[in-house]
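Enquirer: Starting off with a structure, shown below.
The values are calculated or read from the model by the stated rules, or taken from the named source; none is laboratory data. Owing to the predicted nature of the structure, the values given are computational and were not obtained by experimental measurement. Reconstructed Cβ throughout: ideal geometry from the backbone, glycine too, with neighbour counts over all protein chains shown.
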Amino acid sequence: MAAAGRESVPLPAQKDSGLRQFNFSVTDRSSLSLIEHLAMKKILITGASGYLAHRLVPIAANYGAVTGVARDRRSVYAPADGISLDITDASAVQRVMDHVQPDALIHAAAVNPGSGDSLMDAVNHQAAGVIAQQCRQRGTRLVLVSTDMVHTGLCAPYLDDAAADPINLYGASKASGEALALSICPEAAVVRTSLIYGLDKIDRGTAGFQQRLLAGDPLSLFSDVLRQPVWVDSLATALCRLAVECTEESGLLNVAGDEVLSRAQFATILLQFWGTKVTGNVRFISGDGITGLPQDLRLVCTRANQLGIDLPGVNAVLAR
Ligand SMILES: NC(=O)c1ccc[n+]([C@@H]2O[C@H](COP(=O)([O-])OP(=O)(O)OC[C@H]3O[C@@H](n4cnc5c(N)ncnc54)[C@H](OP(=O)(O)O)[C@@H]3O)[C@@H](O)[C@H]2O)c1
């Protein structure tokens with residue numbers, strides 16, 4: 001008979017080192033940490049060197065063992081294990097999936113507006129299909145990061161399942177990527193989000209405005225272009241929860257901060273936060289009628305709210 005507090009448990013096959021079972025004690029620290037390790041989900045993150053990843057990777061490490069991919073593994077954020085991967089290379093994607101065998105994959109890699117039509121199509125659209133195919137074949141949970149830019153900006157506020165109707169090439173490539181991924185892997189969760197910002201690392205948009213102001217260049221900010229900027233920590237937590245905890249959630253869902261701000265308000269607040277004076281060099285202009293610029297991208301986050309995902313607005317985050 002086993003001693004009190006001791007019992008035998010089978011080891012998972014892929015971790016098999018010749019032992020089929022072992023004895024552990026619930027009071028033995030090393031036994032407990034081994035059990036925790038075996039129970040840990042393996043999470044693979046693409047785009048693990050990007051802006052979102054600077055918080056997504058460390059937050060994901062609270063949910064599982066994280067491997068991150070980027071074209072150069074040295075740029076992958078800690079504490080992920082980094083692997084070099086170009087996600088447009090389908091056979092390389094397969095090799096990485098064979099090697100990591102993730103339980104969940106958070107697909108955050110993308111190229112940004114202005115990256116060129118064919119590159120945006122290859123990365124934001126076609127590669128999303130390759131990744132979805134791999135996840136489908138293996139039963140890997142897929143969470144794909146998309147954008148509010150899949151909308152025209154003419155029919156806000158947008159519900160979770162609002163049909164995509166993009167008006168620029170970036171939005172079109174992301175909309176094609178989400179549609180392709182969901183057609184292959186309908187169990188996937190596709191998260192549409194807004195401008196991402198954090199308080200520990202300046203985001204690209206604000207950094208660009210800051211550079212202009214510091215150089216003494218004029219800066220024009222849209223006073224009637226509406227967004228719901230999302231705090232990088234909220235978004236990262238939402239993605240991890242969807243990847244590991246809320247695995248029954250499939251299809252489209254909006255994840256955005258609960259405060260609507262104009263592009264100008266958002267820029268002004270963040271420039272002040274980063275210590276840059278918004279001077280007379282700044283003009284506030286209308287975005288109305290600018291080709292390819294969706295004006296109103298307010299998102300209704302019904303599903304995220306139902307899941308209890310915390311989505312504070314910019315002023316609430318600053319007040320924390
Ligand atoms: N930033 C925003 O405000 C915003 C708003 C809405 C939605 N999103 C979405 O959120 C996600 C993350 O955005 P982000 O701002 O963190 O992006 P980011 O900073 O531009 O980083 C992009 C990431 O994608 C990777 N990547 C690009 N092409 C690749 C390729 N061919 N193979 C492998 N990796 C590749 C980059 O890795 P390398 O090191 O290899 O370049 C990098 O890690 C994206 O899906 C984006 O569409 C972002």
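Enquirer: Among the residues of the stretch 114-124 satisfying the criterion of being closer than 19 Å to L52 by Cα and part of a helix (DSSP H, G or I), which is nearest to the ligand (Cβ to nearest atom)?
Expert: Restricting to residues being closer than 19 Å to L52 by Cα and part of a helix (DSSP H, G or I), the top hit is V123.
So that you can scan it fast, the table gives a plain yes or no per residue for (1) among the small types (G, A, S); (2) in contact with a Ser or Thr (Cβ under 7 Å, 6 or more places away or on another chain); (3) closer than 23 Å to S250 by Cα; (4) more than 9 Å from the ligand (Cβ to nearest atom):
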| position | (1), (2), (3), (4) |
| --- | --- |
| G64 | yes, no, yes, yes |
| D81 | no, yes, no, yes |
| N112 | no, no, no, no |
| G129 | yes, no, yes, yes |
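Enquirer: Separate question: Test of understanding: among S118, S183, S146, S176, which residue is in contact with a Lys or Arg (Cβ under 9 Å, 6 or more places away or on another chain) and of a type in the set (S, T, N, Q)? Don't jump to the end; show me each part of the working.
Expert: Details: S118 fails: in contact with a Lys or Arg (Cβ under 9 Å, 6 or more places away or on another chain); S183 fails: in contact with a Lys or Arg (Cβ under 9 Å, 6 or more places away or on another chain); S176 fails: in contact with a Lys or Arg (Cβ under 9 Å, 6 or more places away or on another chain).
Exactly one of S118, S183, S146, S176 is in contact with a Lys or Arg (Cβ under 9 Å, 6 or more places away or on another chain) and of a type in the set (S, T, N, Q), namely S146.
Enquirer: Which count do you get for residues in the stretch 174-202 that are closer than 17 Å to M120 by Cα and part of a loop (DSSP other than H, G, I, E, B)?
Expert: 0
Enquirer: I've got another one for you. Name the single residue, out of those in the stretch 131-148 being within 11 Å of the ligand (Cβ to nearest atom) and assigned to a helix (DSSP H, G or I), that is nearest to V96 (Cα to Cα).
Expert: Here the residue is I131.
Enquirer: With a cut-off of at least 1 residues that are surrounded by 22 or more Cβ atoms within 10 Å (Cβ to Cβ), name the strands (runs of 3 or more DSSP E) lying wholly within the stretch 39-98.
Expert: The qualifying strands (runs of 3 or more DSSP E) are 41-46, 64-70.
Enquirer: While we're here: Among the listed residues R95, R29, R71, R55, which satisfies the condition of being farther than 25 Å from G205 by Cα and at pLDDT 95 or above?
Expert: None of the others qualify; the one that does is R95.
Enquirer: Would you mind telling me which numbered condition in (1) among the acidic types (D, E); (2) touching a strand residue (DSSP E or B) at 6+ places or on another chain (Cβ under 6 Å); (3) modelled with pLDDT under 95 D203 fails?
Expert: Among (1) among the acidic types (D, E); (2) touching a strand residue (DSSP E or B) at 6+ places or on another chain (Cβ under 6 Å); (3) modelled with pLDDT under 95, the lone unmet condition for D203 is (3).
Enquirer: Continuing with this model, one more query. Residues that are surrounded by fewer than 21 Cβ atoms within 10 Å (Cβ to Cβ) and hydrophobic (A, V, I, L, M, F, W, C), at least 2 per element: which strands (runs of 3 or more DSSP E) completely within the stretch 215-312 meet that?
Expert: The strands (runs of 3 or more DSSP E) meeting that bar are 219-222, 282-285.
Enquirer: List pairs: first in the stretch 225-252 and under 30 Å from G289 (Cα atoms) and modelled with pLDDT of 95 or more, second among the β-branched types (V, I, T) and assigned to a helix (DSSP H, G or I), Cβ under 6 Å, 6+ apart or cross-chain?
Expert: From residues that are under 30 Å from G289 (Cα atoms) and modelled with pLDDT of 95 or more, the pairs are P229/V314; W231/V317.
Enquirer: With respect to L270, determine if the residue is touching a residue at least 60 places away in the same chain (Cβ under 8 Å) and farther than 27 Å from L44 by Cβ.
Expert: Yes; evaluated as a whole, the condition is true for this residue.
Enquirer: Mind listing whichever residues of the stretch 172-206 are within 14 Å of the ligand (Cβ to nearest atom), within 22 Å of P294 (Cβ to Cβ) and among the small types (G, A, S)?
Expert: Residues satisfying the conditions are A172, S173, A175, S176, G177, A181, S194, G205.
Enquirer: Quick test of your reading of the structure: I106 fulfils all but one of (1) part of a helix (DSSP H, G or I); (2) closer than 30 Å to D258 by Cβ; (3) in contact with a Cys (Cβ under 9 Å, 6 or more places away or on another chain). Name the failing condition by number.
Expert: Only one criterion in (1) part of a helix (DSSP H, G or I); (2) closer than 30 Å to D258 by Cβ; (3) in contact with a Cys (Cβ under 9 Å, 6 or more places away or on another chain) is unmet by I106, namely (1).
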